[in-house]
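Q: First the structure, then my questions, so here it is.
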Amino acid sequence: MKCQKCGYEHSRKVCPYCLRAEKWQKLPLQKKLPGLPTRMYIELEEDYELEHQIDAEKAYFCFGSANTGKTVFAVYTMYKKAKKAYIENRTFSYEFVPLTELFDQIISRKKDREFYKNLDYLVIDDLGVEHNNDALYGILYSIVDYRYNWMKQTTFTSNLSPAEIKDKLQDERLVRRIIASCDVLKFKEIHYE
């Protein structure tokens, strides 16, 4: 039967999906998305209304100036996907990682390319802050290319537009893969007085 409340099909008297959704709501944010930096939990709590603005089926390329909410939006995409997996009782592997930290993790051998390639969902923060370096570009390209070919969703944030990243890297292959797999969102500037 189809649950009238959540829309999921089930064969029990009480909808197991609704029960899991209720349990999810009661969990603290740190249990819903373990492993995030402390600052992210604070900002996610403050911007809770974002949850209703995000399509959980999509990945995004978010760009614009600093402090416009790109990173919080990107992490909320991960939150929505984690919530859906929890309600459906599926495993879900994910990572939020600033690009410079991704490079540090791989170079120091704390994590390898395969780890990032095979996650269900990956958020790469601050694309474009890295210096032009063929070795680092090779690491990034191999991860993005693999995820693109295997249709694994990746959300990116950047202060640079796709055209500016292409110019900086002097290579359009990476940007083409990102644009083909993401909805591009420009975040507007915030003016401080």
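Q: Within the range 56-78, restricting attention to residues that are of a type in the set (A, V, I, L, M, F, W, C) and not in a loop (DSSP other than H, G, I, E, B), which residue is farthest from I165 (Cα to Cα)?
A: Of the range 56-78, the ones of a type in the set (A, V, I, L, M, F, W, C) are 56, 59, 61-63, 66, 72-75, 78.
With the extra rule that they be not in a loop (DSSP other than H, G, I, E, B), the set shrinks to 61-63, 72-75, 78.
Values: F61: 12, C62: 13, F63: 11, V72: 21, F73: 20, A74: 18, V75: 21, M78: 24 Å.
Top of the filtered list is M78.
Q: Hey, another quick one. Exactly one condition in (1) surrounded by 19 or more Cβ atoms within 10 Å (Cβ to Cβ); (2) assigned to a helix (DSSP H, G or I); (3) at pLDDT 90 or above is not met by L44; state its number.
A: With (1) surrounded by 19 or more Cβ atoms within 10 Å (Cβ to Cβ); (2) assigned to a helix (DSSP H, G or I); (3) at pLDDT 90 or above applied to L44, the lone miss is (3).
Q: Further question on the same structure: Any idea which of (1) surrounded by fewer than 17 Cβ atoms within 10 Å (Cβ to Cβ); (2) within 28 Å of L185 (Cβ to Cβ); (3) touching a helix residue (DSSP H, G or I) at 6+ places or on another chain (Cβ under 8 Å) is the one A59 doesn't satisfy?
A: Tallying (1) surrounded by fewer than 17 Cβ atoms within 10 Å (Cβ to Cβ); (2) within 28 Å of L185 (Cβ to Cβ); (3) touching a helix residue (DSSP H, G or I) at 6+ places or on another chain (Cβ under 8 Å), A59 fails exactly one: (1).
Q: Given (1) out of contact with any helix residue (DSSP H, G or I) (no Cβ under 8 Å at 6 or more places or on another chain); (2) open to solvent by less than 70 Å² (accessible area, probe 1.4 Å); (3) touching a residue at least 24 places away in the same chain (Cβ under 8 Å), where does F96 come up short, assuming only one miss?
A: (1)
Q: Moving to a separate point now. Starting from residues that are among the aliphatic types (A, V, I, L, M) and surrounded by 10 or more Cβ atoms within 10 Å (Cβ to Cβ), keep the ones in the range 2-22 and report whichever is nearest to K83 (Cα to Cα).
A: A21
Q: Looking only at the range 142-173, how many residues end up being more than 15 Å from A59 (Cα to Cα), part of a helix (DSSP H, G or I) and of a type in the set (A, V, I, L, M)?
A: 4
Q: Looking at (1) part of a helix (DSSP H, G or I); (2) without any contact (Cβ under 8 Å) to a residue 60 or more places away in the chain; (3) over 28 Å from N132 (Cβ atoms), find the lone condition where T91 falls short.
A: Failing condition for T91: (1).
Q: Now for a different question. Any residue that is part of a strand (DSSP E or B), closer than 23 Å to S65 by Cα and free of Cβ contacts under 8 Å to residues at least 40 places away in the same chain - is there at least one of those in the range 101-118?
A: To start, the set of residues in the range 101-118 that are part of a strand (DSSP E or B) comprises none.
No, the range 101-118 has no match at all.
Q: Okay, next question. Can Y121 be described as out of contact with any Cys (no Cβ under 6 Å at 6 or more places or on another chain), within 20 Å of I54 (Cβ to Cβ) and open to solvent by less than 40 Å² (accessible area, probe 1.4 Å)? Give the derivation first.
A: Numbers: out of contact with any Cys (no Cβ under 6 Å at 6 or more places or on another chain): yes; within 20 Å of I54 (Cβ to Cβ): yes; open to solvent by less than 40 Å² (accessible area, probe 1.4 Å): yes.
Answer is yes for this residue.
Q: Go through the range 149-179 residue by residue and tally those that are surrounded by fewer than 19 Cβ atoms within 10 Å (Cβ to Cβ) and among the aromatic types (F, W, Y).
A: Residues in the range 149-179 being surrounded by fewer than 19 Cβ atoms within 10 Å (Cβ to Cβ) and among the aromatic types (F, W, Y): 1 in total.
Q: Now for a separate question. Of all residues in the range 129-143, which are open to solvent by 10 Å² or more (accessible area, probe 1.4 Å) and in contact (Cβ under 8 Å) with a residue 24 or more places away in the chain? Give the steps one after another, and end with the answer.
A: Step one: list which residues in the range 129-143 are open to solvent by 10 Å² or more (accessible area, probe 1.4 Å), which gives 129-139, 141-142.
Within the range 129-143, V129, E130, N132, L136, Y137, I139, Y141, S142 qualify.
Q: Could we say that Q105 is over 22 Å from I42 (Cβ atoms), under 10 Å from the mean Cα position of the chain (by Cα) and open to solvent by 30 Å² or more (accessible area, probe 1.4 Å) here?
A: Numbers: over 22 Å from I42 (Cβ atoms): yes; under 10 Å from the mean Cα position of the chain (by Cα): no; open to solvent by 30 Å² or more (accessible area, probe 1.4 Å): yes.
So Q105 fails the test.
The values are calculated or read from the model by the stated rules, or taken from the named source; none is laboratory data. From a predicted model like this one, the values you see are computed outputs, not experimental measurements. Reconstructed Cβ throughout: ideal geometry from the backbone, glycine too, with neighbour counts over all protein chains shown. Heavy atoms of the whole protein, side chains included, go into the accessibility calculation; ligands, DNA and RNA do not. Shrake-Rupley method; radii C 1.70, N 1.55, O 1.52, S 1.80 Å.
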